[in-house]
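Colleague: The structure's right below; bear with me while I get my questions together.
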Amino acid sequence: MLQIITVYKSKPTENDNSFGILNPIDMSNGRWIKISEALSRLGYQVDVAVPDSNVSENLNGNGHLRMIPLSGINWNDYDVVKTEFHSGFDTLEKYGGASHPFIISKLGSVVGSKEMEGIYFYGDVHKKLFATQERINKASKCITVLNKPAKELWKTIHGRENDILLVPGAVDAYVPPPSDSPYPSDDKIKCVFAGNIYTKGSQDEANEVLVNKLNILGKLLSCLGARLYMIGPGDVSNLDQSYVTYLGVIPYDKCWDYFYFANVGIVVSAGKFMHNNESTKIYHYLRAGLPVVSEAGFPNDNVIEEAKLGFVTENGNMELIAQNIIKAAVQDWDREHAIKFILRNHTWDKRVEVYDKILKENFPSKVKNLGNIKTGKNLLPVKGV
């Protein structure tokens, strides 16, 4: 059987210790685990490389994956090493695995050789990311990016094209059914923003822009009979909780009720446009049958329009965004159409078909008789809300 190990963090964060790596609260951890799970459902043996202190968790806590302590890994035991984001490759280097012959390096944002409009990394952070990309380009068999703008940028600055894989974000096919509303029982329209707003020291400019937009939007909505709620990690010290109610970080498996019982899911951008980093929350809102109002500028804006459940609104026009949120909350939508659209096109199981094809081409003797997706247990597909 083909052996795969996936790599991301070299040390746990506070939230990893609180909820566990296999129960993430942000989409970077979420993608790492969800892709690993989807590969395992295809029949591959998938191990997850974790900081040693996280191995105290149940090693088979989700029924699919084993957690392996980073300090004890023999990289030669694996046919494929799959890293997540720039920091995943940094971790691989730190633990001596960067010479492995078959590395698949997944990136969230591709940065240019110089700072670029639409890519919100600056100064030393930008320089570090680009230096990592240069090493990834030399060491990796395949490189995974989210979309065509990222592929074109990589081709321009690093000179590679044919082995660049396009694997956008996604969402679970099977999700928990609705339970109880986490919101106050009042008559206000309930709007949710779910996502990472970043921190000072990593993407402080993006944090400032996102917090400012949420504050403005929350104030506008309060005058229209609506309330804005936020869940997710990041620096919320400047969030105006007179207008935006912060509900904290929510583990992935508990987030669904925040979508089922909201009226509208909200997306705002860190700038005029996002050059090659999409909004994964779009897939999650739509999977729950939640109408979406998104500030224009994300490469996957089209998903909202194709799902026919929400509005993409002019970037920077917070007044129009607020008006469209109210419009979306009261409009009669075909939510079932949106859910079915997501299930057909944008699940993690759909995404790993790209990897399955590559692995079968390169390891034919080890992957025969694989390829049948096994659905999750004890979870029911949501038919509507």
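Colleague: Let me confirm something: among 182, 177, which residue is under 22 Å from residue 349 (Cα atoms) and either at pLDDT 95 or above or not β-branched (Val, Ile, Thr) (or both)?
Modeller: Unique residue meeting the criteria: 177.
Colleague: What residue, of 179, 202, 185, is surrounded by fewer than 19 Cβ atoms within 10 Å (Cβ to Cβ) and under 19 Å from the mean Cα position of the chain (by Cα)?
Modeller: Unique residue meeting the criteria: 202.
Colleague: Could you grab me the full set of residues in the stretch 86-111 that are touching a helix residue (DSSP H, G or I) at 6+ places or on another chain (Cβ under 6 Å) and either at pLDDT below 95 or closer than 26 Å to residue 273 by Cβ (or both)?
Modeller: Within the stretch 86-111, 86, 105, 108, 110, 111 meet the criteria.
Colleague: For the stretch 231-272, give me each residue that is closer than 22 Å to residue 170 by Cβ and either outside the structural domain of residue 219 (by TED's automatic domain parsing) or of a type in the set (Phe, Trp, Tyr) (or both).
Modeller: 252, 256, 258, 259, 260, listed by residue number.
Colleague: Hey, another quick one. May I ask you to list the residues in the stretch 48-73 that are modelled with pLDDT of 85 or more and crowded, with 19+ Cβ neighbours inside 10 Å?
Modeller: Residues satisfying the conditions are 48, 49, 50, 51, 67, 68, 70, 73.
Colleague: How do the pairs read when you match residues in the stretch 299-314 that are without any contact (Cβ under 8 Å) to a residue 60 or more places away in the chain with residues anywhere that are of a type in the set (D, E, K, R), using Cβ under 7 Å and keeping only pairs 6 or more apart or on different chains?
Modeller: Cβ pairs passing all conditions: 308/334; 309/335; 312/301; 312/305; 313/295.
Colleague: Continuing with the same structure: Out of the stretch 335-370, which residues are surrounded by 14 or more Cβ atoms within 10 Å (Cβ to Cβ) and at pLDDT below 95?
Modeller: Within the stretch 335-370, 366, 367, 370 meet the criteria.
Colleague: Right, something else. Output the number of residues of the stretch 302-315 satisfying the condition of being buried (at least 16 other Cβ atoms within 10 Å of the Cβ) and not in a helix (DSSP H, G or I).
Modeller: Residues meeting the conditions: 6.
The values are calculated or read from the model by the stated rules, or taken from the named source; none is laboratory data. For clarity, every value in this text was computed on a predicted model and none was experimentally measured. Please note: Cβ atoms are built from the backbone with ideal geometry, for glycine as well, and neighbour counts cover all protein chains shown.
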